[in-house]
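Here the structure is laid out as structure tokens; the discussion comes afterwards.
The values are calculated or read from the model by the stated rules, or taken from the named source; none is laboratory data. The shown structure was predicted, so the numbers you read here are calculated from the model rather than taken from an experiment. FYI the Cβ positions are ideal-geometry reconstructions off the backbone, even for glycines, and counts take in every protein chain you see.
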Amino acid sequence: MKPIESPWYAVTAAPAPRRPALAGDLDADVCVVGGGVAGCSTALHLAERGFDVVLLEESAIGHGASGRSGGQLLPGYSCGQDKLARLLGPPDARRLWDWSVEGLALARDRIARHAIECDLQAGHLQVAVRPRQLDAVAQEQAQLESWGYGGTRLLDRDALRTIVASPRYLGGLYDPHAAHVHPLNYTLGLARAAEAAGARLREGSRVLAVEPGPTPGARATVKTAQGRVRARWVALCGNAKLGSAAPTIRRRIMPIATYMVATAPLGPALARELIANRAAVADLNWVLDYFRLSHDDRLLFGGKVSYSGYDPGGIVPGMRRRLDRVFPQLAKVPLDYAWGGLLDITVNRAPDFGRLAPNVYYLQGFSGHGLVLAGLGGRLVAEAVAGHAERFDVYARIAHRPFPGGRLFARPTLVAAMAWFRLRDALA
Ligand SMILES: Cc1cc2nc3c(=O)[nH]c(=O)nc-3n(C[C@H](O)[C@H](O)[C@H](O)COP(=O)(O)OP(=O)(O)OC[C@H]3O[C@@H](n4cnc5c(N)ncnc54)[C@H](O)[C@@H]3O)c2cc1C
């Protein structure tokens, strides 16, 4: 076992320059806070539209969830379409679906246009571990077909077994349009493209405060310990760790730790036997397992959540049990890497996009489903800054509540809720 907190992604990262920290004062049209997919995509879209952009990242580009994730590029939303229809009404919920499909195409387009080497692979399988989940995927397929999202394929147990060599699944739904990537290299590629378009990136620059400006139209000030950026607009893309820089929106997301492991290389033959079409796979449980093959034929396996803090070392035995349940044939294959990251969950699991002030935008609350949406969010912020906020404002209409009792006191409630979901997974 390599040292804990050694993500396989970091070991296989594309070379990237170390960017300087912010030192002194800078002026810009837009200051973007956060160097994940949301921040890098926002910076890229704005720079391409001719705005002068400074991006401030506390640590290094891709250090947050974007560089640690399962890498699944999926359309849709964590909360599901029915919830969106209740929140926004059916017509706008439908538009959000279409925009998520646009987000998927946008990710593919970015990868091709900027020659981002991130091991893009097509295909995603949702797999059922309970009979009711088979009904759910059949209904989902019918809805997708009626919306013109064709080409998905329902698989019964036997058909699925020819693709995924696991005894655990009853069937599933194959989506040829969804895909998976090396998420850190994808994020680093977006950052490189943003820089090439003219954005100035600063790493090691934690934002401590954001002041929108004393009067409407005045410049905002974004402060770090070493300097300030004065900008006409600000885009907050700090996800779960934004912290005191934006206390009001912070209460609307709960940071939840979730984990991944990477096996030792399996070799091409065993890899092909496990997932014949190299699709990414995710089950339909609330506390789900998801996995895919890496370019060097490791199994990258994710799952498990914890509310009590970030502890990848302590979760390895549990991850081992989960992996063995899916692929008992890997019981003797060592786990080489384990890591985790923080999800930004909202109460209703819908994304939380909005404004803190007329010139301060934010993107957060992807609720575990952010690789595609964060990229799309960047395009929507750039549209809004350029004076076309119509699409951004549809998302901004989604009502969000703070976690009851604040994030600290919400934890016991969440732990209880998760225990209930686990029970539901077991009984249904
Ligand atoms: C283990 C794991 C697996 C996942 N799997 C998937 C998946 O398969 N598919 C999917 O769609 N989604 C997945 N997700 C969710 C997805 O990764 C996120 O929704 C998405 O990456 C969020 O992007 P982001 O740019 O908003 O946040 P991040 O990538 O977290 O970026 C935020 C950045 O802001 C910086 N920052 C924070 N505060 C400040 C500050 N005050 N000043 C300066 N910088 C700051 C952070 O250092 C960080 O780099 C997964 C998440 C995890 C943790």
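Structure data summary
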item	result
Filtered residue count, region 194-237, keeping only those that are small (Gly, Ala, Ser), modelled with pLDDT under 95 and crowded, with 16+ Cβ neighbours inside 10 Å	1
Candidate set from region 241-256 (those that are of a type outside the set (Lys, Arg) and in contact with a Lys or Arg (Cβ under 9 Å, 6 or more places away or on another chain)); member that is surrounded by the fewest Cβ atoms within 10 Å (Cβ to Cβ)	Ser244
Criterion: more than 16 Å from the ligand (Cβ to nearest atom) and within 29 Å of Ala142 (Cβ to Cβ) - qualifying residue of Arg49, Arg94	Arg94
Scan of region 130-165 for residues that are β-branched (Val, Ile, Thr) and more than 24 Å from the chain's Cα centre (by Cα), ordered by number	Thr162, Ile163, Val164
Test set (1) within 14 Å of the ligand (Cβ to nearest atom); (2) farther than 30 Å from Gly204 by Cβ; (3) hydroxyl-bearing (Ser, Thr, Tyr) - Ser66 fails condition number	(2)
Residue match in region 114-127 (condition: touching a Phe, Trp or Tyr at 6+ places or on another chain (Cβ under 9 Å), within 13 Å of the ligand (Cβ to nearest atom) and over 29 Å from Ser6 (Cα atoms))	no
Boolean, Gly341 is buried (at least 23 other Cβ atoms within 10 Å of the Cβ), small (Gly, Ala, Ser) and within 30 Å of Arg250 (Cβ to Cβ)	yes
Residue within region 83-90 that is in contact with a Leu (Cβ under 8 Å, 6 or more places away or on another chain) and more than 20 Å from Ala382 (Cα to Cα) present	yes
Residue list for region 112-139, restricted to those being among the polar types (S, T, N, Q) and in contact (Cβ under 8 Å) with a residue 12 or more places away in the chain	Gln121, Gln126, Gln133
Residue check, Ala264 at pLDDT 95 or above, buried (at least 22 other Cβ atoms within 10 Å of the Cβ) and either among the small types (Gly, Ala, Ser) or in contact with a Lys or Arg (Cβ under 6 Å, 6 or more places away or on another chain) (or both)	no
Selection within region 267-290 - in contact with a helix residue (DSSP H, G or I) (Cβ under 7 Å, 6 or more places away or on another chain) and either under 20 Å from Val164 (Cβ atoms) or at pLDDT 95 or above (or both)	Leu284, Asn285, Val287, Asp289
Which numbered condition Ile111 fails, given (1) under 19 Å from Ala271 (Cα atoms); (2) within 16 Å of the ligand (Cβ to nearest atom)	(1)
Within region 71-130, tally of residues that are in contact with a strand residue (DSSP E or B) (Cβ under 9 Å, 6 or more places away or on another chain) and farther than 23 Å from Val37 by Cα	5
Failed item, numbered, when Tyr9 is tested on (1) within 12 Å of the ligand (Cβ to nearest atom); (2) farther than 27 Å from Gly303 by Cβ; (3) not in a loop (DSSP other than H, G, I, E, B)	(2)
Number of the condition not met by Ala331 [criteria: (1) of a type in the set (Gly, Ala, Ser); (2) more than 21 Å from Asp29 (Cα to Cα); (3) within 10 Å of the chain's Cα centre (by Cα)]	(3)
Matching residues, region 50-59, being in a loop (DSSP other than H, G, I, E, B) and crowded, with 20+ Cβ neighbours inside 10 Å	Phe51, Glu57, Glu58
Filter pass, Gly171 being in contact with a Lys or Arg (Cβ under 6 Å, 6 or more places away or on another chain) and of a type outside the set (Val, Ile, Thr)	yes
Of residues in region 212-250 being within 14 Å of the ligand (Cβ to nearest atom) and of a type in the set (D, E, K, R), the one nearest to the chain's Cα centre (by Cα)	Lys241
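Residues checked against (1) touching a Ser or Thr at 6+ places or on another chain (Cβ under 9 Å); (2) under 30 Å from Val347 (Cβ atoms); (3) of a type in the set (Phe, Trp, Tyr):
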site	(1), (2), (3)
Ala10	no, no, no
Asp27	no, no, no
Val30	yes, yes, no
Val53	yes, no, no
Ser66	yes, yes, no
Ala85	no, yes, no
Gly89	no, yes, no
Asp98	no, yes, no
